[in-house]
Structures are given as structure tokens and as C-alpha cells.
Amino acid sequence: MPRSNRKLLLLLCLTLLLPLAGCKQVKEERKNRVLESATSGYRQAIRWGYHDAALQFVEPKERPEQLTPLLENVRVTGYEVVRSPVIIEEDKAEQIVRIEYVLRDRQRLESLTDRQRWLYDKETSNWWLTSGLPKFKTD
């Protein structure tokens, strides 16, 4: 094959591959935006005591049938992101937060560190929380 034809073939191949690389980047950016949106929505639900709404972020097969009544005794007073969401594998992410809360019946301030694990569902294009709701100490 003449040299000019090889260059033309190479140029053609590169022209065809560049959009594929761009598509992957666009998909990754969208996946990151959806993760940010999910963690932000979850943060708001936990922060303002909307436990039913927070439960909707939990992976459906991990979701309890109903909330524990003990959550009614918890009022979250602070939610600080210690480590922003990081994609640790292709479809897995992790975020670490510190949550301060008051047990209403005792008016005692408590805190916990919540290591949240998130899983991307390609079928629904959603991120699901697989680590469950925070483990509030209620006793």
C-alpha cells in the first residue's frame, strides 16, 4: 500500500475513533453529575429529617419494608461531607460524611461517621445507596 494511502487510512481511523472517546467522556461526566445529584438529594433528606425520602435513595433490594420508629427520636443538626463522592470502581462510589444529631427524648448531642457506598445502575441510570441509612445510636 502506498505511503499516502496509509496516512489516509490512519487519518480515517482516527477520525472514526475520536467521537467514541468523546462519547465515553460525556457518559462519565453524566454519571458524575447524577452521583452529585443523588448524594446532594440524600444529604437534604437526611439533614431535614425526611427519612421516607432518604429511604428512596437506598438500593431497592436493600430497602427495609418500613422505617424503624426509633428514627422519630432523631433530629439531625449537622451534616458535613468529610470526603466528597469518589468513584472507586467503574460503577461504585464512596462518600464519607459526619452527622451530628440530637436524641429528642434526652436532648443529648451525638455524632457518627457514615461511610456511604453507592452503586450505579446502568439500567435505570441511577446511583443507589448500598450501605443503608446512617446507624444512629438511639439508646
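Annotations for the structure displayed:
- In the stretch 92-125, the residues that are over 15 Å from residue 45 (Cβ atoms), at pLDDT 95 or above and not aliphatic (A, V, I, L, M): 92, 94, 98, 100, 110, 111, 113, 115, 117, 120, 121
- The condition of being among the hydroxyl-bearing types (Ser, Thr, Tyr), surrounded by 13 or more Cβ atoms within 10 Å (Cβ to Cβ) and farther than 30 Å from residue 27 by Cα holds for residue 101.
- Filter result for residue 125 (over 23 Å from residue 67 (Cα atoms) and in contact (Cβ under 8 Å) with a residue 12 or more places away in the chain): yes
- Within the stretch 69-93, the set of residues being out of contact with any strand residue (DSSP E or B) (no Cβ under 9 Å at 6 or more places or on another chain) and either surrounded by 13 or more Cβ atoms within 10 Å (Cβ to Cβ) or under 19 Å from residue 113 (Cβ atoms) (or both) comprises 71, 72.
- Selection count where residues are free of Cβ contacts under 8 Å to residues at least 40 places away in the same chain and in contact with a Ser or Thr (Cβ under 9 Å, 6 or more places away or on another chain), scope the stretch 53-76: 1
The values are calculated or read from the model by the stated rules, or taken from the named source; none is laboratory data. Computed from a predicted model, the values in this text were never measured in an experiment. A quick note on method: Cβ atoms are made from the backbone with ideal geometry, for glycine too, and the neighbour counts reach across all protein chains shown.
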